[in-house]
Amino acid sequence: MSFKKLGLRAELVKAVEDLGFKSPTPIQEESIPVLLSGDLDFMGLAQTGSGKTGAFGLPLIQNIDLTLSGLQGIVMCPTRELCLQITNDLKAFAKHLKKVTIVAVYGGASISNQIRQLKKGPQIVVATPGRLLDFINRKVIRLSRISYAVLDEADEMLNMGFQEDIDSILAKMPEDRKVWMFYATMPKGVAQIARNYMTDPVKVKVGKQNRSPKTITHTCYAIQEKYRYQGLKRIIDFTPEIFALVFCRTRKETQAVAENLIQEGYQAEALHGDLSQAQRDYVMRKFRHKTIRILVATDVAARGLDVEDISHVIHYNLPDDSETYTHRSGRTARAGKSGISIALINAREKYRLRKLEKSIKVKFESGKLPDGRDICKKQLFDLVEKIIHTDVNQDRITDYLPDVYNAFSGLDKEELIQRFVSAQFNRFFEYYCHAGDINAKISPETSAPSKKVKRKAGLKQKKTQRFFINVGRLDKINEGAIVRLVCDKSGIGSNKIGDIDLKREFSFFEVEKKAAKKVLKSMNKVKLDGRPVHVQEVFNEKKQGKGELRIS
Ligand code: AMP
């Protein structure tokens, strides 16, 4: 089969010949004739590297009305790298055609430069969804004349949390536009886009469906709540080459975790909504260039983040829903590489993990956090390996060596190694020499008994005091947040906390009677995510026959 026979115009055939393409790839052969017809929606299952760009790019260019200068075709793709690559490919395809203008717009780059480009009146824009929506809202990009919307790597865009943006963009386009969607896996969201925005799409499938999520290993570590931060540190310390994205639930927690890490000498930064765009860009640049190796982020701030080589995604806290978990963990194992997704959970969260496993159909491996000895050994041998493989640049150091040798002359080889290791490792040794086991002992079979039974069992049927607290579901908190707050502030163990009754605007929790005074005292002037918290004892007078609830 030749490109000409597929129905492409001579200029496009010449361009692909210039590129050295001798014959169409299978996806091109199947897609091009269908898409050239111009009046069909299309779903193409094809892998990266299959020639997809030609499959949609060539018919897109041919179908554009070159006598018009307005925007007619939009290609959406997940990352800026892909955006630039597609733009270059389309420009190469269009090189023998006059008056075709193609512009790339993507996040993390100057808006004003892109606005200047858009003022040229391109017929085709290649874009990442977030930046595209931004331009649509600013009315820099108008969708009134759009005939074709291409979604390239649609599954990856959904993985990266672009579902809402894609929905808003497609919903704003004219009714008669055609949607051409390419994907390598078929998550629910892909079918949903087809249902909502396509009419009888032609379906083409080339090669096997990718099962890319398999390249991610999902591990959970059960820790005692008070050791959550220490748990994170152990994971980082045990993985000297780590390049990680750590997800927290709130801006405040994100900031606190990052600050603690920075103070303790880790190459870390925070990424959350309280930062200005310039600060965010700065942090992202540092992460991209690996000047920082640990980025602590909120879900919202990390949306669409496309940094390659992230080795670990760490869920400092489990997200509320499985979709968020998938978006988060999809930041690792990019471009066919493998990655590790780690969830830190406390004893109470085990059943949430089981729910998550069912929902995303993935089995978490149960990991054990390394102890201090393991960590020191790992770090030490990593250093030894680095030293063994260090290139010695004789030219640069020759001048200094006589003095250095002289300074070390009183030490034999063993002493020298010992001092050298100590100089590098005293920080670790000191920190970890008394560090005990912080793994929580949870039976792997722990399931989700009714919350009440579970907590009562924890309290061993002891007498309890009920408390009112002025935060509830509306404050985006869960039971764990209340447990953490009470334990952190009062110093009591989570086993002293009983039922938690989460309401819309407020909640109730029970505490072992003996610890009640301590809790009440410690919860004075406390804040949760910046919001002042009030806690009061509650006496249920109904039981005493008075029929009402009394808050002290
Ligand atoms: P893509 O999947 O579009 O990113 O294409 C993957 C690679 O295959 C790129 O380097 C393209 O230049 C190349 N390619 C695309 N179509 C053809 C073709 N028909 N013949 C040879 N190479 C191609």
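The values are calculated or read from the model by the stated rules, or taken from the named source; none is laboratory data. Everything quoted here is computed from the prediction, not taken from an experiment. Cβ: placed from backbone, ideal geometry, glycine included. Neighbour counts: every protein chain shown.
Before moving on, here are some points about what is shown:
Results for (1) within 30 Å of M186 (Cβ to Cβ); (2) under 18 Å from the mean Cα position of the chain (by Cα), shown as yes or no for each residue.
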| position | (1), (2) |
| --- | --- |
| L318 | yes, yes |
| K337 | yes, yes |
| A343 | yes, yes |
| K363 | yes, no |
| L369 | no, no |
| I375 | no, no |
| D403 | no, no |
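- For segment 488-542, a residue qualifies if it is over 17 Å from V471 (Cα atoms) and in a helix (DSSP H, G or I), and the qualifying residues are S490, S494, N495, K496, K513, K514, A515, A516, K517, K518, K521.
Table: residues versus (1) under 24 Å from L318 (Cβ atoms); (2) outside any loop (DSSP other than H, G, I, E, B); (3) assigned by TED's automatic domain parsing to the domain that holds V421; (4) in contact with a Gly (Cβ under 6 Å, 6 or more places away or on another chain).
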residue: I342; (1), (2), (3), (4): yes, yes, no, no
residue: E349; (1), (2), (3), (4): yes, yes, no, no
residue: R352; (1), (2), (3), (4): yes, yes, no, no
residue: K355; (1), (2), (3), (4): yes, yes, no, no
residue: S359; (1), (2), (3), (4): yes, yes, no, no
residue: V362; (1), (2), (3), (4): yes, no, no, no
residue: F381; (1), (2), (3), (4): no, yes, yes, no
residue: D391; (1), (2), (3), (4): no, no, yes, no
residue: R396; (1), (2), (3), (4): no, yes, yes, no
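- Across segment 123-138, the number of residues qualifying as under 17 Å from S69 (Cα atoms) and in a loop (DSSP other than H, G, I, E, B) comes to 1.
- Extreme residue, nearest to the chain's Cα centre (by Cα), among residues of segment 91-122 that are part of a loop (DSSP other than H, G, I, E, B) and closer than 14 Å to G57 by Cα: T101
- Among residues of segment 185-203 that are of a type in the set (A, V, I, L, M), those with a Cβ under 6 angstrom from a residue that is crowded, with 18+ Cβ neighbours inside 10 Å and at pLDDT below 90, sequence gap 6+ or separate chain, pair up as V190/D155.
- Tally, over segment 149-165, of residues that are at pLDDT 95 or above and either touching a Pro at 6+ places or on another chain (Cβ under 6 Å) or among the small types (G, A, S) (or both): 1
- Answer residue from segment 439-460, given it is under 20 Å from V486 (Cα atoms) and in a loop (DSSP other than H, G, I, E, B) and is modelled with the highest pLDDT among those: A440
- The number of residues in segment 55-84 being outside any loop (DSSP other than H, G, I, E, B) and within 15 Å of the ligand (Cβ to nearest atom) comes to 12.
- Just one of the listed residues (L36, L66, L12, L60) is assigned by TED's automatic domain parsing to the domain that holds D134, farther than 28 Å from M186 by Cβ and modelled with pLDDT of 95 or more, namely L12.
- Just one of the numbered conditions (1) surrounded by fewer than 15 Cβ atoms within 10 Å (Cβ to Cβ); (2) more than 19 Å from T239 (Cβ to Cβ) is not true of F381: (2).
- Pair list, Cβ < 8 Å and 6+ apart or interchain, from segment 35-54 residues that are within 6 Å of the ligand (Cβ to nearest atom) to residues that are modelled with pLDDT of 90 or more and among the small types (G, A, S): K52/G44
- Apart from one condition, K355 fits all of (1) modelled with pLDDT under 85; (2) closer than 30 Å to S322 by Cβ; the exception is (1).
- Pairs where the first residue, in segment 18-31, is within 12 Å of F3 (Cα to Cα) and the second is within 6 Å of the ligand (Cβ to nearest atom) and among the aromatic types (F, W, Y), C-beta under 9 Å, 6+ apart: Q28/F21
- All positions within segment 20-30 that are near the ligand (Cβ under 10 Å from one of its atoms), under 14 Å from A55 (Cβ atoms) and not small (G, A, S): F21, P24, T25, P26, I27, Q28, E29
- Odd one out for K5 among (1) assigned to a helix (DSSP H, G or I); (2) within 8 Å of the ligand (Cβ to nearest atom); (3) at pLDDT below 95; (4) not polar (S, T, N, Q): (2)
- 1 or more residues outside the structural domain of K378 (by TED's automatic domain parsing) and under 30 Å from V126 (Cα atoms): qualifying helices (runs of 4 or more DSSP H) within segment 174-287: 188-197
- Meets criteria (closer than 25 Å to T128 by Cα and either outside any helix (DSSP H, G or I) or out of contact with any Asp or Glu (no Cβ under 6 Å at 6 or more places or on another chain) (or both)) for V307: yes
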